[in-house]
Ligand SMILES: *Cc1c(COP(=O)(O)O)cnc(C)c1O
C-alpha cells in the first residue's frame, strides 16, 4: 500500500490532556482544564434544553442543508443564506478550503506561529507552506503580502491569532485586502470574534461585498460553549460558497448541533455575560503578570500567552502536578511561554496561587 507521500512523518494533532486521564495518572481528585479555550461557563441553558427536546431523534439523518441554523445565522449576520457553509467545527471548513484550493504546485501563506490546522491541511494536500514570522505575536501583513506569488491560493489571517491572542487592526487589514491579488483567497479566521473588545478590530462582513476573495470563519465552539457539538461556518460570496460546497460531506453537522446552535443564538445575554466576565478576568491575568514581571501578549480572546522565561514544558509539568492542565508554548512556537485559557473567577484565583508558588520556587533556585 502507498499513502500520499506527504503523509509520511506528519504528526497527529495533540490536544490538551483530558481531565480524567490526568486525575488517574497523578492521583488528583480535582483537575482544572484551561488548555483548549473552552467556555468555562458552559453554554446557554437554552441550547442544552433544545437538545433535550429532540434527544430521541437519533435514527434520522440531519438536514444536510442545515436550513434551520442557516436561516438563523443569515438573519443574525445580515447575509443571504447562500453566503454560508457549515462545517463540523470551523476546523472542517479549513479542511474544505484546503481540499478545494490547494494541491502540489500551489502554495499557501500563513503567519508563524499561528493556528496549526492551516499548516497540517496544506501538507496533506501537498501544497507548499510559506510561513511568515509574526512580530511580537502579531501577523506581519506586509511580509505576508511579499510572500504571495502567482501560485499562492490561500492566505490565512487568524484574527485574533491563536496562540498569541493578538489582533490585526481594521486599517491594516483593509489595506492588506486591497493589495492581495484577486486570485488569492484571504481567510479571516475569527474563532474568538465574540470576545474581542478592541475598537479597531475589523468588521469583515461588510467587506465581503467589495472583496470576492474574502472568507470569514466563525465557530460555536468558543464563546457559545458548544465545542462538543462541532459546528462552525464560513461566510463568503455565493459563488465562492458554491465552489467549495461539493467538498463538504452531505451530513457533516448533527441535528443536535443544529438545534443547539439555533437556541444559542437566541441567548444574547449568555454571551454578553461570558464576554464581560472574560474581559474582567483577562485584566486580572494582566495584573498578575505585571506584578510578577512576566511578559504577556495582549489578548483579545479567552486565553493569554505568558512568557515565563523558562521552558514551557516545565511550567506545564509543574501546573499539571498542581491539578491544572494548560498548554505549553513549546509545541505552539513560543518555547518559553504557556498559553492559559481564562477560567471562572474561582479557577483563576486558584491558578494564580499555584503559579505564585512556582515563581517563588524559581527565585529560590536562582
Ligand atoms: C478553536 C479554533 C478553531 C476551530 O474551532 P472548531 O471547534 O473547529 O470550530 C479555528 N480557528 C482557531 C484559531 C481556533 O482557535
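Taken together, the values in this text are just the output of simple stated rules run on the coordinates, not laboratory data. Since we're looking at a predicted model, the values are computed, not measured. Counting neighbours? That spans all protein chains shown, and the Cβs are built from the backbone with ideal geometry, glycine included.
Observations on the model:
- For the chain, the Rg and Dmax computed from alpha carbons only, in angstrom: 20.7, 63
- Cβ crowding within 10 Å averaged over residues, with 152-160, 354-362 ranked highest first: 152-160, 354-362
- A convex hull fitted to the Cα coordinates of region 155-232 yields 97 cubic angstrom per residue.
- Pairwise Cα distances in region 268-366 exceed 15 Å for 61 percent of all pairs.
- A protection proxy built from the mean count of other Cβ atoms within 10 Å ranks the segments 249-258, 17-26, most packed first, as 249-258, 17-26.
- Global size of region 325-366 as Cα Rg and Dmax, reported in angstrom: 12.0, 33
- Along each principal axis, taking the top coordinate minus the bottom one, the Cα set of region 213-257 gives 30, 23, 11 Å in descending order.
- Centroid-to-centroid separation of region 12-31 and region 111-141 [C-alpha atoms, Å]: 29 Å
- Computed [θ] at 222 nm, helices only, for the chain once each DSSP H run of length n ≥ 4 contributes -39500 (n - 2.57): -11500 deg cm²/dmol
- Cα-only Debye scattering, region 98-139: base-10 log of I(q)/I(0) at q = 0.16, 0.20, 0.26, 0.28 Å⁻¹: -0.38, -0.56, -0.81, -0.89
- Packing order of peptides 165-173, 306-314, 196-204, highest average first: 165-173, 306-314, 196-204 (average count of other Cβ atoms within 10 Å over each peptide's residues).
- Antiparallel beta bridges, as assigned by DSSP with both residues in the chain, represent about 45 percent of the total such bridges.
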